[in-house]
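Visitor: If you scroll down you'll find the structure; I have some questions about it.
Taken together, the values in this text are just the output of simple stated rules run on the coordinates, not laboratory data. None of the values given here were measured: they were computed from a predicted structure. As a convention, Cβ positions derive from the backbone with ideal geometry for all residues, glycine included, and neighbour counts pool all protein chains shown.
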Amino acid sequence: MADDLRVKDSIDKDTVAAAKALESDNYEAGFSTDIETEFAPQGLSPDTVRFISSKKEEPEWLLEWRLKAYERWLTMEEPDWAMVQYDPVKYQDIHYYAAPKAGAKYDSIDDVPEEILETYKKLGIPLREAEVLLGVEGAAETAAAARETPRVAVDAVFDSVSVATTFREELKQAGVIFMSISEAVHEHPELVKKYLGSVVPQSDNFFATLNSAVFSDGTFVYVPPGVRCPMELSTYFRMNAENTGQFERTLIVADKGAYVSYLEGCTAPMRDENQLHAAVVELVALDDAEIKYSTVQNWWPGDENGKGGIYNFVTKRGDCRGVRSKISWTQVETGSAVTWKYPSCVLRGDDSVGEFYSIAVTNGRQMADTGTKMIHLGQRTRSRIISKGISAGRSDNTYRGLVSIHGKAEQARNFTQCDSLLIGGDCGAHTVPYVENRCADAQLEHEATTTKLSEDQLFYVRQRGIGEEEAVALLVNGFVRDVLQHLPMEFAVEAQSLLKVSLEGSVG
Amino acid sequence: MPVMLELKDLIASVGDDEPKTILNGLSLNVPFGEVHAIMGPNGAGKSTLSYVLTGRHGYDVLSGKALLDGDDLLEMDPEARAAAGLFLSFQYPVEIPGVPVMTFVRTAMNAQRAVRGEPEISAPDFIKQARLVANELKLTPDMLMRPLNVGFSGGEKKRLEIFQMRMLEPRFAILDETDSGLDIDALRTVAEGVNVLRDEKRGMLVITHYQRLLDYIKPDKVHVLSAGRIITSGGPELALRLEKEGYDGIVGEAA
Ligand SMILES: Nc1ncnc2c1ncn2[C@@H]1O[C@H](COP(=O)(O)OP(=O)(O)O)[C@@H](O)[C@H]1O
Ligand SMILES: [Mg+2]
């Protein structure tokens, strides 16, 4: 069933030459902010874990939980099966905690150091409410433009500590809890204790276990029964301190009949040392609840030789715990030197639904190995996977998916569509779909295509007056349209421009 | 009338690896306000001429010149030629998956306007104009929301080419066998769409096999292209003669 594709013949020599000359200074977010940072001692030991826990004044149970994960991690081996190659991560050279010196918490946005606000401004991230409320330019011809511009609440993570939370008051009125996970540990310990690690167990995998031991901060969301979260919730991640591993921990719980849409955006400054990112995201949807989780990821992919980029090893999993619950992952991946990521859904509740919509772009020497796992446990569970991979330069882009239908998942259904687009002749696209089916009446459909951006198309578009770079962007946007439609409007606009930036110089 | 399109002794080859000379010293002048037809047997180099003029990769001009209103086309990128007002209605329109007709045309219009230093067209103006033109060409609004050329019939694709032409309002249009695959009603619709753009500031090259189209788009001149050269030129009566006698007679006579 697995088909492994590698296409080596070229469109034309100029294209290849241009792709080779690809320069990495396309990356606009490559700068760093000069603020004092408080580090954990370098390296990983029980003392490091205790340092982190005491910094955050954590309760005893959480320290124990971390130490247990640490013990476990010592016995584990780093996975090497993904189709990616990278220099070994030096786990003892990493600082496992970095907090801005001025203090980890701010009562109001006015207390946030000016440099931090500046950093966000350079990235074009709207932190202040007024800016957050700004609308988006959109094509009026699309029906989507008629939609009211949704509001977004931002929980900004600067390195490891959440520095500002907006809209909290209004969310509070609705009963929605939206705060950093370290605050939630103090303010809602019963919820955190109940759900933390309930989707991604401590021992799940090498990186998740490491995260469990040393996670620094992240976001906590709880939407009470029957509540539709009144706005999109959003966290922008940005790594700043040198040699800082990032270990975010996100936990989102939608109680019975609740709905929440969450946006995650990332961008990191240039670094010489490869930076490790090993986040864990856990989603829990109870009966009739729905969670939409959208990601636009733009970490630095490294220079033209692939040196210095972010290593992104993240564990994202959603648990459709209740009946008729639904979880959708939508992601746009353009950054990182190495990406290893499989947002997955465990379809436990009967009639629950899991969706995965993905756009992964690789250029230069990037390597991406991404995909999803849909685990069907309940009856009549349905899943849908649409993956669009775009490879340019000398990059490698792999889709790896697992659809697993367990014995009790009667009448389960899956639809999978994997499309790859190749730009130039030195890149690779690979599709590796696995299916495990223990149920006779399951319905599984799989479609896969690999196409090359054609000279015919490019010329046709240019003949109409559209310049080459814009022509590529237009064709690529067309290729990913089915997925872009699943992103919230303002995110879709951002994603489109990201696609364009990340493919600059890929044809010539 | 002064010359709008001036082609002089064009020699051009096709193909990267083993270049093959297709145009063998082609000369042709189209004055402002005129429509010229180019007829000729299969493989004569008609489409090659259209690609050479629009700057397609792989079509190399070895010598000769091509000027549009005095500007050297051969110096420009394809998109610059388009912004200068050159439009090609493709013999085989290309599918653009995922890009709705409306999005495509609006992007093209604004790209051309940006090069010319003009402001973008507003969404309401664009939609108004698109509706009007679509209606004339018997294209439904629903069709304009679909990805360009994907799943359209041959005739619909040709009408979409003319739709784009009408929206972009080029100064000089090349129609490459726009009539092939059209039934008589569609042919009339397309011809009417083309005729709207005829005025003293514009010019047109109409490439066709059949005299039929020329009943609707009346050419000022007819040229016969064979083996990469214009072998004879005349008025509309030349097209009628070709229809009756076939290319063989005329090609043989000129040789
Ligand atoms: N890309 C190409 N490579 C090699 N030969 C080509 C290519 N394109 C066209 N030709 C050849 O050039 C000649 C002219 O083709 P074309 O311009 O399409 O003719 P027409 O449009 O008059 O029918 C034909 O012999 C054709 O086979
Ligand atoms: Mg032809």
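Visitor: Describe numerically, in nm with one decimal, the distance between label points set 7 Å from Cα along Cα→Cβ at residue A:90 and at residue B:196.
Guide: 6.9 nm
Visitor: Also, I was wondering about something else. Quick one: length gained pulling residue A:485 to residue A:63 fully straight, 0.36 nm per residue minus the C-alpha distance? Intermediate values should be presented prior to the final figure.
Guide: Working: separation 422, 0.36 × 422 = 151.92 nm, distance 4.25 nm.
My answer for the length gained is 147.7 nm.
Visitor: When A:370, A:381 are ordered from fewest to most other Cβ atoms inside 10 Å of their Cβ, what list results? Before the final figure, lay out the partial values.
Guide: Working: A:370 25, A:381 30.
Ranking A:370, A:381 by Cβ neighbours within 10 Å, fewest first, gives A:370, A:381.
Visitor: Shifting gears a bit: Between B:125, B:176, B:215, find the one with the highest GNM mean-square fluctuation for chain B; connect C-alpha pairs within less than 10 Å.
Guide: Of B:125, B:176, B:215, the Gaussian network model singles out B:125 as fluctuating most.
Visitor: Something else about it: For residue B:188 and residue B:232, what does the FRET efficiency come to when R0 = 25 Å and r is the distance between their Cβ atoms, rounded to the nearest 0.05? List each step's numbers first, then the result.
Guide: Working: r = 29 Å, r/R0 = 1.15.
Computed FRET efficiency for residue B:188 and residue B:232: 0.30.
Visitor: While we're looking at this one, here's another question. Where in segment A:361-405 is the amide nitrogen less than 15 Å from a point lying 7 Å along the Cα-to-Cβ axis of residue A:440?
Guide: none
Visitor: If I fit a long axis through the Cα atoms of helix B:236-254 and take the longest principal axis of the Cα atoms of chain B, what angle between them do I get, 0 to 90°, rounded to 10?
Guide: Once rounded, one gets 40 degrees.
Visitor: Between their Cα atoms, which of A:388/A:500; A:90/A:292; A:193/A:316; B:8/B:46; B:65/B:244; A:452/B:128 are more than 27 Å away from each other?
Guide: Values: A:388/A:500 15 Å; A:90/A:292 35 Å; A:193/A:316 19 Å; B:8/B:46 16 Å; B:65/B:244 34 Å; A:452/B:128 36 Å.
Going by Cα-Cα distance, A:90/A:292; B:65/B:244; A:452/B:128 fall outside the 27 Å limit.
Visitor: I would also like to ask the following. Please compute the net charge surrounding residue A:413, taking Lys and Arg as +1 and Asp and Glu as -1 over other residues with Cβ under 9 Å from its Cβ.
Guide: With Lys, Arg at +1 and Asp, Glu at -1, the neighbours total +2.
Visitor: Which of rounded, prolate or oblate describes segment B:101-255 when judged by the alpha-carbon gyration tensor and an a/c cut-off of 1.5?
Guide: Numbers: a/c = 2.55, a/b = 1.87, b/c = 1.36.
Prolate, because a/c is 1.5 or more and a/b exceeds b/c.
Visitor: Gap in Å between the Cα centre of segment A:473-497 and the Cα centre of segment A:445-460?
Guide: 17 Å
Visitor: Work out the FRET efficiency for residue B:135 and residue A:408 from their Cβ-Cβ distance, taking R0 = 60 Å, and round it to the nearest 0.05. Mind dumping the intermediate values first?
Guide: Working: r = 57 Å, r/R0 = 0.95.
That pair, residue B:135 with residue A:408, gives E of 0.55.
Visitor: What order do you get for A:424-430, B:183-189, B:39-45 when each peptide is scored by the mean count of other beta carbon atoms within 10 Å, highest first? Walk me through the numbers before you get to the answer.
Guide: Details: A:424-430: 22.3, B:183-189: 14.7, B:39-45: 19.1.
Descending mean neighbour count gives A:424-430, B:39-45, B:183-189.
Visitor: On a C-alpha basis, how far is the centre of segment A:357-399 from the centre of segment B:1-49 in Å? Whole number, if you could?
Guide: For segment A:357-399 versus segment B:1-49, the Cα centre distance is 48 Å.
Visitor: At 7 Å along Cα-to-Cβ for each site, give me the label-to-label distance between residue A:173 and residue A:47 in nm.
Guide: Each label point is offset 7 Å from its Cα along the Cβ direction, giving 5.1 nm.
Visitor: Using only the Cα atoms of segment A:429-508, each taken as one equal point scatterer with no solvent, compute I(q) by the Debye sum, divide by I(0), and report log10 of the ratio at q = 0.12, 0.22, 0.27 Å⁻¹.
Guide: -0.52, -1.10, -1.29
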